[in-house]
Amino acid sequence: MPLVTYEDTQPLARLIADDARARKMPPWFADPRVGHFSNDPSLSAREITTLAAWAAAGAPAGNPEDEPPAPRWATGWNIPQPDLVIRMPKPVPIPALCDIEYTYEIVPTGFKEGKWVQMSEIRPSSRANVHHAVVYIRPPDSPWLRHAPIGVPFTASDMKTEADRRDTKTTKADILLVYAPGSSPDRWPNGMAKYIPAGSDLVFQMHYISRDRPTVDQTSIGIVFAKRPPAKRVLTLQLTNSSFVIPPGVDDYRVEVHGSMPNDALLLSFFPHMHLRGKRFEYNILRADGTIEPLLRVNYDFFWQLSYRLAKPMPLKAGTVLQAVAWYDNSKNNPHNPDPTTAVYWGDQTYDEMMVGFFDVAVDANVNKTEFFARHRAAR
């Protein structure tokens, strides 16, 4: 519902006060006792009390002379006007009422030189049908999906060999941006950016969900280039556990994964991803002495998949062990649970589950993702 004018807002005053008290709005699900985040929109206790008092008084209008000017909303992009917009060349037909395989579309950038990306934003043309989207960077020397078509949508089933079909399920390619409902664009501070090598392709991975009528989607990504080469390169990494089985009826099932940092890096932000049974998610550092340093604890909401950006980037030494832990509610008390009577496995569809702890780090500008991990193997 719109909340732009007093007339819009006054009838909803009680609901606004209740949601503010419950901290459902603005949407922010991080435990306030763990970490500090630069994009935290939470209301202060004083602001919540003011809203509650206003609603209890009958939501009176203020003095018209004190009314601020109407806000100027962004028209289109939530980042500054992009320097470049890359759109999937072919629209993807989305049928009604069926499961849809992950859909890919490969788009050559045509870059004659490498480009540093300061900001980016993914914009589906049919948001209601996009469960999530990932835009990968495929350098010209990458063997990934080399037998796939260019500029047209395809799925694993369209590939000719089993090896090519497996190629759609996993990749070591760097990620330019992840989109999910509620997520925000990337805006890296000055001196940090993501890198697209010359001659790269962008690979759009689209997870569509069908609704009660067919439609089409033609997703775009808007890019703002850095004004000058940065000192730090941003890499998106992930902690993933795909080997779990959530028993039927269990309301607090725990799944854990951990891994060590291959080299020094600067930790920037987190983006947890689960599906409809997701309940909580946390990131921790596991210290050598057995202690645990919590970094983020989230009461997960599938419909508001937020990034959590550290207010102060955290240096991580090579060998630091990061842990991600997820809890799932597969009980009948979960109103979003597709079927509490069945065991749940990792899978692509929304009624399946996932456990992915994305996180962003900054490294030296001349270090790519492959080198970040390969140097660690050489050192061992």
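The values are calculated or read from the model by the stated rules, or taken from the named source; none is laboratory data. Computed from a predicted model, the values in this text were never measured in an experiment. Here the Cβ is made from the backbone with ideal geometry for all residues, glycine too, and neighbour counts use every protein chain on show.
Consider region 166-198 and keep the residues that are touching a Ser or Thr at 6+ places or on another chain (Cβ under 8 Å) and in a loop (DSSP other than H, G, I, E, B). The one that is surrounded by the fewest Cβ atoms within 10 Å (Cβ to Cβ) is Lys172. Check region 110-118 and report whether any residue there is aliphatic (A, V, I, L, M), at pLDDT 95 or above and surrounded by fewer than 19 Cβ atoms within 10 Å (Cβ to Cβ). Looking through region 110-118, none of the residues is aliphatic (A, V, I, L, M), at pLDDT 95 or above and surrounded by fewer than 19 Cβ atoms within 10 Å (Cβ to Cβ). Quick check: anything in region 16-31 touching a Lys or Arg at 6+ places or on another chain (Cβ under 8 Å) and in a loop (DSSP other than H, G, I, E, B)? Checked against the condition, which is being touching a Lys or Arg at 6+ places or on another chain (Cβ under 8 Å) and in a loop (DSSP other than H, G, I, E, B), region 16-31 yields at least one hit. Of all residue pairs spaced 6 or more apart or on separate chains, those with beta-carbon atoms under 9 Å, a first member in region 212-223 that is among the small types (Gly, Ala, Ser) and a second member that is surrounded by fewer than 18 Cβ atoms within 10 Å (Cβ to Cβ) and assigned to a strand (DSSP E or B) are Ser220/Val85; Ser220/Arg87; Gly222/Leu84; Gly222/Val85. Within region 282-297, can one find any residue that is of a type in the set (D, E, K, R) and either closer than 30 Å to Asp99 by Cβ or surrounded by 21 or more Cβ atoms within 10 Å (Cβ to Cβ) (or both)? Within region 282-297, one or more residues are of a type in the set (D, E, K, R) and either closer than 30 Å to Asp99 by Cβ or surrounded by 21 or more Cβ atoms within 10 Å (Cβ to Cβ) (or both). Across region 300-340, the qualifying residues are those that are surrounded by 19 or more Cβ atoms within 10 Å (Cβ to Cβ) and among the hydroxyl-bearing types (Ser, Thr, Tyr), and the one among them that is farthest from Leu267 (Cα to Cα) is Tyr328.
Checked against the criterion of being at pLDDT 95 or above, under 24 Å from Met25 (Cα atoms) and of a type in the set (Phe, Trp, Tyr), region 45-63 contains one or more residues that satisfy it. I'd like to check something: does region 59-72 contain any residue that is closer than 26 Å to Gly182 by Cα, surrounded by 14 or more Cβ atoms within 10 Å (Cβ to Cβ) and of a type in the set (Gly, Ala, Ser)? No, that holds for no residue.
No other residue among Leu239, Leu235 is in contact with a Lys or Arg (Cβ under 8 Å, 6 or more places away or on another chain) and either touching a residue at least 60 places away in the same chain (Cβ under 8 Å) or part of a strand (DSSP E or B) (or both) apart from Leu235. Is it the case, given these coordinates, that Ala265 is under 25 Å from Ser120 (Cβ atoms), of a type in the set (Gly, Ala, Ser), buried (at least 21 other Cβ atoms within 10 Å of the Cβ) and out of contact with any helix residue (DSSP H, G or I) (no Cβ under 7 Å at 6 or more places or on another chain)? Answer is yes for this residue. In region 131-156, the qualifying residues are those that are in a loop (DSSP other than H, G, I, E, B) and among the aliphatic types (A, V, I, L, M), and the one that is surrounded by the most Cβ atoms within 10 Å (Cβ to Cβ) is Leu145. Looking only at residues in region 1-44 that are within 16 Å of Leu296 (Cβ to Cβ) and hydrophobic (A, V, I, L, M, F, W, C), the one that is farthest from the chain's Cα centre (by Cα) is Val34.
When each of Phe29, Phe37 is tested for being in contact with a Ser or Thr (Cβ under 9 Å, 6 or more places away or on another chain), among the aromatic types (Phe, Trp, Tyr) and surrounded by 14 or more Cβ atoms within 10 Å (Cβ to Cβ), the lone residue that passes is Phe37. For region 307-362, filtering for residues that are farther than 11 Å from Leu276 by Cα, among the polar types (S, T, N, Q) and in a loop (DSSP other than H, G, I, E, B) leaves 6. Scanning region 1-10 for residues that are part of a helix (DSSP H, G or I) and in contact (Cβ under 8 Å) with a residue 12 or more places away in the chain turns up Tyr6, Thr9, Gln10. When Glu293, Glu282 are screened for being in a strand (DSSP E or B) and without any contact (Cβ under 8 Å) to a residue 12 or more places away in the chain, only Glu293 passes. Mind checking whether some residue in region 80-96 is outside the structural domain of His275 (by TED's automatic domain parsing) and assigned to a helix (DSSP H, G or I)? For region 80-96, residues outside the structural domain of His275 (by TED's automatic domain parsing) and assigned to a helix (DSSP H, G or I): absent. Could you please let me know if Val367 is surrounded by 21 or more Cβ atoms within 10 Å (Cβ to Cβ) and either in contact with an Asp or Glu (Cβ under 7 Å, 6 or more places away or on another chain) or among the β-branched types (Val, Ile, Thr) (or both)? Criteria not met by Val367.
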